[in-house]
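See structure below.
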Amino acid sequence: MALGISCPRFPLSPAYICTATTYPPVKQQMSAPLVVSDTRPLLTLFVAGTSTRTGPAVANLRRICEDEFPAGYELVVVDVLSQPAIAEEKKILALPTLIKEFPLPVRRIIGDFSDKEKVLAGMGLSTHQY
């Protein structure tokens, strides 16, 4: 579980946080400022509950992250059905949407994340960069 990770970008209600070691995500109150203590990528995935597109998107993304980020990564999963204000604030128009928040620049990707090379290129990352 991603203890101590919280994000000022999502102050409205609890969000789902998962890391390489926890899924399904765990509800955790997010209120303290985000503290990035290392260079691990910080990713936010917006999904629509347990729709048929959610499962494959999460599985594909986790597979890519586990292969490409051996030093670890942080993945925040936001269910827009239970937290529509966050999706509105981030201007999420299509689901599933992935936002790479760290390292900068911020990048957005929409889709099922089945093509590893396109996902990495969309995030602006090269293979085994981290």
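The values are calculated or read from the model by the stated rules, or taken from the named source; none is laboratory data. Given the structure is predicted, the values throughout are model-derived calculations rather than measurements. Note that each Cβ is placed from the backbone with ideal geometry, even for glycine, and that neighbours are counted across all protein chains shown.
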Item checked: Only listed residue being outside any loop (DSSP other than H, G, I, E, B) and either of a type in the set (Gly, Ala, Ser) or at pLDDT below 95 (or both), chosen from ALA94, ALA57 -> ALA57
Margin query: Within the stretch 97-130, take every residue that is touching a strand residue (DSSP E or B) at 6+ places or on another chain (Cβ under 9 Å), assigned to a loop (DSSP other than H, G, I, E, B) and on the phi < 0 side of the Ramachandran plot and give me the one that is modelled with the highest pLDDT.
Written below: VAL106
Check: If you go through the stretch 96-107 one residue at a time, how many are within 17 Å of VAL58 (Cα to Cα) and in contact with a helix residue (DSSP H, G or I) (Cβ under 8 Å, 6 or more places away or on another chain)?
Finding: 3
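Name every residue in the stretch 75-91 that is of a type outside the set (S, T, N, Q), more than 15 Å from the chain's Cα centre (by Cα) and part of a loop (DSSP other than H, G, I, E, B), in order of residue number. Talk me through it step by step, then tell me what you get.
Looking only at the stretch 75-91, we keep the residues that are of a type outside the set (S, T, N, Q), and these are 75-81, 84-91.
Checking which are more than 15 Å from the chain's Cα centre (by Cα) leaves us with 81, 84-85, 88-89, 91.
Passing the criteria: LEU81, LYS91.
Report, by residue number, each residue of the stretch 87-99 that is β-branched (Val, Ile, Thr) and buried (at least 22 other Cβ atoms within 10 Å of the Cβ).
Once the filter is applied, which keeps residues that are β-branched (Val, Ile, Thr) and buried (at least 22 other Cβ atoms within 10 Å of the Cβ), the stretch 87-99 yields nothing.
How many of the residues in the stretch 49-77 are of a type in the set (Val, Ile, Thr) and more than 15 Å from ILE109 (Cα to Cα)? Before you say what the answer is, go through the steps one by one.
First, pick out the residues of the stretch 49-77 that are of a type in the set (Val, Ile, Thr): 50, 52, 54, 58, 64, 76-77.
Checking which are more than 15 Å from ILE109 (Cα to Cα) leaves us with 50, 52.
The total comes to 2.
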